[in-house]
Amino acid sequence: MPTVSIRLDRVSKRFDHTVKGEVYAVRDVSLAVEQGELLTLLGPSGCGKSTTLRMIAGFEEPDAGTISIDGRDVTHVLPNKRGIGFMFQNYALFPHLSVFENVAYGLRVQGRDAAGITRAVNEVLELVGLASYGRQQPHQLSGGEQQRVALARAVVFQPKVLLFDEPLSNLDAKLRVEMREQIRALQKRIGITTVYVTHDQEEAMAISDRIAVMERGVVVQDGTAFDLYYRPRTEFVARFIGRTNLLAARVVSAAEVEVEGQHIALATGHPVGSTVQLVVRPEMIELSPAPPGDAVIAQRTFLGEKTDYLVTLGGVALQVSATDHYRRPPMEPGQPVAVRFHPEGIHVL
Amino acid sequence: MTVAAAHAGSWRRIAADPTLLVTLTAIWLLLGLFVLYPLVELLARAFVDDGRFSLAPLLESLADPSHRAAFLNSLLLGTSVGLLGTALGFLFALTAVRGGLGRHWLTLLDAFALLPLVSPPFTTSISIIFSFGPKGFITHDLLGLTNVSPYGYWSTTLAETLTYFPIAYLTLRPILAAIDPNLEEMAFSLGGSRWRIFRTVTLPLAVPGFANAFLLLFAASLADFATPLILAGNSFPVLPTQAFLQITGMFDFKGGAVLSLILLVPAAAVFLLQRYWVGRRTYVTVTGKVGQRSRTRAMAPWAGALLVAGCFLVAALIAYFYALLVWASLVVAFGANNSFTWAHYHVIFTEGLPAIRDTLIIAAIGMPLGGFYGVLVGYLIARRRFPGRRAMELVAMINYALPGTIVGIAYLIAFNDPPLALTGGALIIVACYVFRYSPTGIRATVALLQQIDRSLDEASSSLGAGSGETFRRVTLPLIAPAFFAGLGVVFIRSMTAISATIFLVSISWTLITVRILENMTELSLGPAAAFSVFVIVVVFVVIGGLSAVLVRLRAPAAGAAARSLLGG
């Protein structure tokens with residue numbers, strides 16, 4: 001059975017807001033991160049994810065609740081006594097120190113001998129692909145290189161846990177994908193427990209073992225990327241992760257629902273005659289031009305690997321993705337089409 | 001295009017723009033007359049003997065042991081004030097940035113820190129005499145000491161430190177505030193103790209600020225004339241006072257000129273150091289984006305409390321000195337007869353009225369002239385391309401950068417005889433203030449214009465407006481905050497300055513600051529205190545009014561302009 005490395009138990013943090021008075025940044029958050037696991041806190045800005053991370057690091061003290069790392073209660077322990085590696089969004093490289101000295105900082109604090117420090121720093125710089133950069137000053141490096149120095153600095157003293165606060169948001173799109181793969185590879189290689197904060201759902205899905213979605217200071221759902229995408233627990237999660245059609249459906253029978261005249265074979269477990277909310281992802285809807293049905297193409301966007309359609313069906317607008325568009329001519333706006341729902345992936349809220 | 005061709009091109013453009021041509025000519029004439037000409041006259045007086053260049057007067061002056069002592073004393077005083085003032089400024093800056101004080105407490109701290117900057121130069125000195133003199137409140141009344149002397153190195157250092165430490169505060173505070181809190185948190189997470197973080201992260205990042213603050217304070221102390229004149233006494237002569245005595249006591253213009261030029265050596269060294277060494281050593285945040293600002297735990301609560309306590313102790317000392325000043329202005333004879341009286345105020349508004357009237361007239365004339373000159377030159381430097389632009393920038397700053405004693409003596413020598421016998425009149429005093437204190441307005445204008453896109457000017461000229469029209473319709477409204485800041489500085493300095501203008505006053509035109517000095521030497525301390533209180537009140541009213549104007553303008557850089565108002 002995997003052991004728990006970081007545990008948050010009903011942690012809350014309030015801030016004084018100039019207009020609203022006292023507001024909860026984080027409210028009753030409980031989380032358990034297993035040894036070697038990468039958990040991502042995902043949510044829009046202001047949802048409390050960074051505050052949660054900063055409380056794990058010790059930069060903020062919770063107003064209520066407890067935090068433990070490796071079984072030790074650290075709720076009121078200062079950050080320098082926690083053994084954490086932290087990576088800031090702006091990297092926070094010491095501008096007055098060379099790359100080598102930036103990475104060595106944590107080791108010098110521990111009072112390691114000079115030879116050991118040199119060896120460890122050179123090793124980790126090699127690991128992040130910056131072997132010959134030790135003498136450079138931070139401002140001479142590119143954004144990606146600064147990022148890797150920050151990563152090296154955070155892992156070199158073998159902290160118990162690694163914490164990332166939106167580390168990739170200052171990089172351009174391509175470098176972002178490259179760096180997140182590097183971070184994930186490094187994290188798996190050294191098997192370190194990691195908490196990662198981001199507002200980018202794609203990044204979260206790509207990098208995480210598990211994702212906790214936060215909204216207004218509360219964890220609304222935590223699970224694998226697959227769980228969050230196909231079995232979102234709330235409307236917020238459904239909308240935040242991927243693109244979604246949220247459709248009101250009438251339960252026709254134990255095994256059938258109806259949306260705008262379309263019947264879908266779906267067992268909901270809800271009483272006949274009641275209304276349910278369906279989470280229908282764009283790729284679960286199929287369009288066919290012949291024979292024409294009662295839906296109309298409103299808009300078409302060709303994106304290469306797929307084509308997105310906006311389709312009007314009765315009173316609702318449906319987002320539809322087609323990946324088989326290379327097989328047949330594209331459907332034109334204004335063209336009437338038939339809509340078919342694939343019941344396998346549809347989730348009932 | 002070759003350099004020569006480029007020059008020819010810009011000459012042609014000037015010739016095609018008559019407004020610009022006339023303006024440039026007028027400014028160069030004024031700069032030549034009121035900046036370069038006096039300086040040349042001063043150098044000629046010091047170094048030309050019988051039509052030949054000679055270093056003999058300089059060597060003679062240096063050989064005089066009392067002059068050498070004055071030189072060394074000036075350096076010692078500047079270094080002491082630089083070190084102590086920087087330390088005090090750092091205490092205030094660190095408290096303001098990291099002390100966790102509420103907004104109202106911060107405002108109070110600011111008020112105490114800025115009070116000495118806008119007061120007449122003698123206020124602290126007078127209070128020190130009231131406090132530590134033979135009849136001093138502390139030395140005599142509280143400690144019962146007799147035969148104490150408040151004059152010399154220690155009291156001068158104390159007075160100058162309290163007067164000038166706000167410069168260090170204003171220099172260090174933005175530098176500390178700009179240190180990314182993430183850096184300290186990062187070091188914290190890497191296991192560093194709070195003391196280690198302070199030592200290895202915070203202090204190294206503040207080093208350029210320390211150097212800058214020290215040099216500014218050193219220069220301010222070096223140039224300070226009023227404090228040593230009152231407090232240094234005979235045992236501790238310094239260069240500005242020696243030069244003054246040489247001229248007013250012995251009517252030795254040549255000796256005064258030479259002494260003032262000796263003062264120029266350390267002043268120039270400081271200026272060059274600041275410009276070419278400190279200027280290149282500021283650390284910018286690497287990513288340019290400062291991390292989120294939250295109450296950092298990187299400062300231990302007891303350390304924060306200690307800082308706050310230290311600041312309020314200093315603030316209390318300043319408050320005590322000002323209270324003493326007000327008290328002295330309201331009692332019959334300080335230390336001897338403590339019964340209440342308005343007599344001193346009566347004196348300054350009857351006998352002292354000419355000085356008040358003259359000062360206000362001169363300030364009122366100098367203020368608009370200085371404000372307009374500041375924005376005009378600032379605009380030309382920041383926005384127009386013309387041959388000699390860098391030279392104009394440099395020359396316009398000279399009188400500002402030079403110690404007031406040098407400027408005063410140079411004006412006295414240059415304008416004492418025909419064809420330009422201006423001494424004795426108000427014009428010479430106004431000119432001295434305008435060319436000495438408008439550079440603050442020039443700098444504020446340049447800083448403001450650097451934030452305003454040049455395309456606005458270009459849009460105006462594409463719509464057919466000439467350079468004068470563009471300046472009036474587009475630029476002037478945008479640089480209004482700098483204009484008002486320039487007005488403010490010229491006015492405040494006209495009310496409080498003495499170092500240069502003491503050489504220029506006459507029977508027909510005198511100044512409040514000069515009257516305060518006379519009162520001090522005649523030991524009529526009551527009127528001196530009343531005059532000081534009057535000046536402080538006027539200055540505060542004007543600053544309040546200008547702040548209100550700046551707030552109403554709501555310009556993006558109004559805050560910066562308001563700061564330069566105080567920092568000037």
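Data overview
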| item | result |
| --- | --- |
| Where a residue in segment B:179-201 is within 7 Å of another protein chain (Cβ to nearest Cβ) and its partner, wherever it lies, is of a type in the set (D, E, K, R), with Cβ under 7 Å and at least six apart | B:VAL201/B:GLU184 |
| In segment B:71-101, the residues that are among the β-branched types (Val, Ile, Thr) and crowded, with 24+ Cβ neighbours inside 10 Å | B:VAL81, B:THR86, B:THR95 |
| Count of residues meeting criterion [within 14 Å of chain B (Cβ to nearest Cβ), surrounded by fewer than 15 Cβ atoms within 10 Å (Cβ to Cβ) and assigned to a helix (DSSP H, G or I)] in segment A:111-140 | 2 |
| Residues located in segment A:5-29, provided they are surrounded by fewer than 14 Cβ atoms within 10 Å (Cβ to Cβ) and modelled with pLDDT of 90 or more | A:ARG10 |
| Helices (runs of 4 or more DSSP H) within segment B:14-63 that include 3 or more residues over 26 Å from B:PHE471 (Cα atoms) and over 31 Å from the mean Cα position of the chain (by Cα) | B:56-63 |
| In segment B:424-467, the residues that are part of a loop (DSSP other than H, G, I, E, B) and surrounded by 20 or more Cβ atoms within 10 Å (Cβ to Cβ) | B:SER438 |
| Check on B:ALA211, surrounded by fewer than 24 Cβ atoms within 10 Å (Cβ to Cβ) and either within 21 Å of the chain's Cα centre (by Cα) or of a type in the set (S, T, N, Q) (or both) | yes |
| Total residues in segment A:141-152, condition basic (Lys, Arg) and within 12 Å of another protein chain (Cβ to nearest Cβ) | 0 |
| Within segment A:93-110, tally of residues that are in a loop (DSSP other than H, G, I, E, B) and at the interface with chain B (Cβ under 10 Å from one of its Cβ atoms) | 5 |
| Of residues in segment B:331-342 being exposed (fewer than 14 other Cβ atoms within 10 Å of the Cβ) and within 16 Å of B:LEU523 (Cα to Cα), the one nearest to the chain's Cα centre (by Cα) | B:VAL332 |
| Restricting segment B:502-514 to residues that are touching a Leu at 6+ places or on another chain (Cβ under 8 Å) and over 11 Å from B:ALA226 (Cβ atoms), the residue that is surrounded by the fewest Cβ atoms within 10 Å (Cβ to Cβ) | B:VAL505 |
| Residue among B:VAL434, B:VAL395 that is touching a Gly at 6+ places or on another chain (Cβ under 8 Å) and under 13 Å from B:VAL35 (Cα atoms) | B:VAL434 |
| Test: residue in segment A:85-92 that is surrounded by 21 or more Cβ atoms within 10 Å (Cβ to Cβ), under 31 Å from the mean Cα position of the chain (by Cα) and more than 8 Å from every other protein chain (Cβ to nearest Cβ) | yes |
| Residue in segment B:472-490 that is under 20 Å from B:ALA223 (Cβ atoms), out of contact with any Asp or Glu (no Cβ under 9 Å at 6 or more places or on another chain) and assigned to a helix (DSSP H, G or I) present | yes |
| Leading residue by the ranking (farthest from the other protein chains (Cβ to nearest Cβ)) among those in segment A:51-77 that are surrounded by fewer than 18 Cβ atoms within 10 Å (Cβ to Cβ) and part of a loop (DSSP other than H, G, I, E, B) | A:GLY71 |
| Residue among A:LEU266, A:LEU228 that alone is under 16 Å from A:LEU349 (Cβ atoms) and modelled with pLDDT under 90 | A:LEU266 |
| Test result for A:LEU127, without any contact (Cβ under 8 Å) to a residue 60 or more places away in the chain and within 13 Å of B:LEU190 (Cα to Cα) | no |
| Subset of segment B:137-185 that is out of contact with any helix residue (DSSP H, G or I) (no Cβ under 8 Å at 6 or more places or on another chain) and closer than 30 Å to A:ALA92 by Cβ - its residue that is surrounded by the fewest Cβ atoms within 10 Å (Cβ to Cβ) | B:PRO174 |
| All positions within segment B:1-44 that are modelled with pLDDT of 85 or more and among the charged types (D, E, K, R) | B:GLU41 |
| Residues being under 15 Å from the mean Cα position of the chain (by Cα), of a type outside the set (Gly, Ala, Ser) and within 14 Å of chain B (Cβ to nearest Cβ) - total across segment A:153-193 | 6 |
| Pick from segment A:70-83, criterion of a type in the set (Val, Ile, Thr) and out of contact with any Lys or Arg (no Cβ under 7 Å at 6 or more places or on another chain), ranking: modelled with the lowest pLDDT | A:VAL77 |
| Members of segment B:126-148 found to be in a loop (DSSP other than H, G, I, E, B) and of a type outside the set (S, T, N, Q), listed by number | B:GLY133, B:PRO134, B:LYS135, B:GLY136, B:LEU143, B:GLY144, B:LEU145, B:VAL148 |
| Hey, B:SER260 of a type outside the set (Phe, Trp, Tyr), surrounded by fewer than 23 Cβ atoms within 10 Å (Cβ to Cβ), in contact (Cβ under 8 Å) with a residue 40 or more places away in the chain and closer than 22 Å to B:LEU77 by Cα or not | no |
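The values are calculated or read from the model by the stated rules, or taken from the named source; none is laboratory data. Remember, it's a predicted structure, so these values are computed and weren't measured experimentally. Ideal geometry is used to build each Cβ from the backbone, glycine not excepted, and the neighbour counts take in all protein chains shown.
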